[in-house]
1. Given a Förster distance of 30 angstrom, what is the FRET efficiency for Met133 paired with Gln22, based on the Cβ-Cβ distance and rounded to 0.05?
2. Enter the per residue convex hull volume of segment 52-140, computed from alpha-carbon coordinates, in Å³ rounded to the nearest integer.
3. Give me the log10 of I(q) over I(0) for segment 87-212 at q = 0.15 Å⁻¹, as the Debye formula computes it from C-alpha points; what are the numbers?
4. Per residue, how much accessible area does the chain have with a 1.4 Å probe, in Å²?
5. Stokes-Einstein D for segment 125-196 at 4 °C, 1.567 mPa s, Kirkwood Rh over Cα pairs, in µm²/s?
6. In square nanometres, what is one fourth of the surface area of the convex hull spanned by the alpha carbons of segment 157-198?
7. Kindly provide the trypsin sites (Lys or Arg not before Pro) of segment 134-212 that DSSP labels as loop, not H, G, I, E or B, and whose Cβ sees at most 15 other Cβ atoms within 10 Å.
8. Kirkwood-based Rg over Rh for the chain (C-alpha set), two decimals?
Amino acid sequence: MKSIIFVLAFILSVMAVRAESQYQEAMKEAIEEMDSAKTGEEFLDLANKFARIAEAEPREWLPDYYASFCTIMQSFFVEDNKEKDKLLNNAMDIINKADSKSPDNSEILVVKSFILQMQISIDPMVRGMKFGMEADKLISKAIELNPANPRPYMLRGQSQFYTPEQWGGGKAKAKVNLEKAIERYNSFTPESTIHPNWGKKETEDILEKCKS
């Protein structure tokens, strides 16, 4: 009887290791594709791919995180504001799934703030007051949860860069936060090869514009 239990336990452990390996491989492949994606169609395909991984791994937050991120990126290629809003609302629904699996997660709060910033960009005059304070609160919370994470500083700097000085933005304020982001990018080590590690190139590009 003991030998049977031992064999069953061994088989289950092997199956668990194999399933984890398949999950890691699927995520790595999708992230590599995401890093080279350049069109809305590519980001749509990737959002769907991450969604399928999320269905197969319902306890993992990263597939939902990347599905939401890819949906945000897809919205950059959409001109119709109603369609853009639809995508961003969908992105928020997806990231909320990740939040339910991993609460108080700095990376997840960054994506939530990113979505709100994109929604503000659709109608800044109307939505700036509605979403602006909430978006910044999310950034502050993300920094509080993980001061070493460069992405909250990157996102705050990006928002300030595109916000007029009379509304509390401008290049000078943006430069401070973008430099903080670069400092952290230079020392940041993701938790694993499939954890978030995006944004450095974009930060460098905006920082260069701040100096001009």
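The values are calculated or read from the model by the stated rules, or taken from the named source; none is laboratory data. Here the structure is a predicted model, which is why all the values come from computation and not from measurement. FYI the Cβ positions are ideal-geometry reconstructions off the backbone, even for glycines, and counts take in every protein chain you see. Surface areas here come from the heavy atoms of the whole protein model, side chains and all, with no ligands, DNA or RNA. Shrake-Rupley method; radii C 1.70, N 1.55, O 1.52, S 1.80 Å.
1. 0.10
2. 80
3. Values, matching the q order: -0.69.
4. Per residue, the chain has 58 Å² of solvent-accessible surface.
5. Roughly 100 µm²/s, to the nearest whole number.
6. Dividing the Cα hull surface by four gives the mean projection, 3.3 nm².
7. Lys211
8. My calculation puts Rg/Rh at 1.05.
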